[in-house]
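The values are calculated or read from the model by the stated rules, or taken from the named source; none is laboratory data. In this text, all values refer to a predicted model and were calculated from it rather than measured experimentally. FYI the Cβ positions are ideal-geometry reconstructions off the backbone, even for glycines, and counts take in every protein chain you see. For the accessible areas, the whole protein counts, side chains as well, though only heavy atoms, and no ligand, DNA or RNA atoms are used. Shrake-Rupley method; radii C 1.70, N 1.55, O 1.52, S 1.80 Å.
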Amino acid sequence: MNEDIEKVLIAEEVIERRLDVIAERIRADFAREDSLQVVGILKGALVFMADLLRRVPLRLEIECLNVASYHGGTESSGQVDFLDVKLPEVKGRSVLVLDDILDTGRTLAAVSEKLYEMGARKVKTCVLLTKDKERAAEGEADYSAFEIGDEFVVGYGLDYDGKYRNLPYVGVLKESVIG
Ligand code: XMP
């Protein structure tokens, strides 16, 4: 798997150090809340979520949302589909949404809108990566660990065609792999 990577963009140790900082911010911002509902967006947020949330010493409740916007390629489809039969109960609650990357911004915008429609009191968003580009949908993430250029990346939860999510770092694939 590592031989398919052109360059490592963000090394594992760098991610880990940064997660300590983001986790402490989340702890401090939500310390007064009775409990916090976390909603992770599958599957991209899985690795980020597991590593980040174990650093946040609050009474978290954790749910996941299955949302599709990419459909296997390297370009966003522009449409956000909610794939779950049952969505998490968020009425009157503070919700922290976790995703792997803010790209066009459509996913986080659609998920935040949906959670407010379902009665959430407050929705905050947190991403591992923010792509430096113009967004199709308004809004930046409330917490973002790293800003990257407008290039396709894999690893640490992010995939190409379903693969590479388990790389412990964020990297760029060789062109020969994308084909
Ligand atoms: P939007 O455009 O809605 O995108 O902000 C969010 C979702 O698109 C996927 N995405 C990527 N996946 N490498 C990936 O593996 C990338 O560079 C990339 N950019 C966007 C991802 O699923 C994210 O949740």
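Only Lys, Arg, Asp and Glu carry charge here, each on its Cβ (+1 for the first two, -1 for the last two); on that basis the chain has a dipole of about 700 debye about its Cα centre. For the chain, the pair-distance distribution built from all alpha carbon pairs, in bins 10 Å wide starting at 0, is 9, 39, 36, 13, 2, 0 percent. For the listed residue pairs Lys43/Lys91; Lys7/Lys163; Lys133/Lys163; Lys86/Lys133; Lys7/Lys131; Lys7/Lys124, the alpha carbons are over 22 angstrom apart in Lys43/Lys91; Lys133/Lys163; Lys86/Lys133; Lys7/Lys124. Remark: spin-label model distance Glu175-Asp81 equals 3.2 nm, labels positioned 7 Å along the Cα→Cβ axis. State, to one decimal in nm, how far the label point of Arg135 lies from the label point of Glu13, with both points 7 Å from Cα in the Cβ direction. Here the answer is 3.3 nm between the modelled labels. Dividing the convex hull volume of the alpha-carbon atoms in segment 33-138 by its residue count gives 104 Å³ per residue. Loop-located trypsin sites (Lys or Arg not before Pro) in segment 86-179 (DSSP state other than H, G, I, E, B) with a sparse environment of at most 14 neighbouring Cβ atoms within 10 Å: Lys86, Lys91, Arg121, Lys133, Lys174. Scanning the chain for GluC sites (Glu not before Pro) that sit in a DSSP loop and have at most 16 other Cβ atoms within 10 Å, the longest stretch containing none of them is 90-133. Averaged over its residues, the chain has an accessible area of 52 Å² per residue, based on protein heavy atoms and a 1.4 Å probe.
Would you look at the GNM of the chain, springs on alpha carbons closer than 10 Å, and say which of Val14, Val67, Val127 moves the most? Most flexible of the set in this elastic network: Val14.
Taking trypsin sites (Lys or Arg not before Pro) across segment 1-70, the ones in a DSSP loop with at most 13 further Cβ atoms lying within 10 angstrom of their Cβ are Arg32, Arg54, Arg59.
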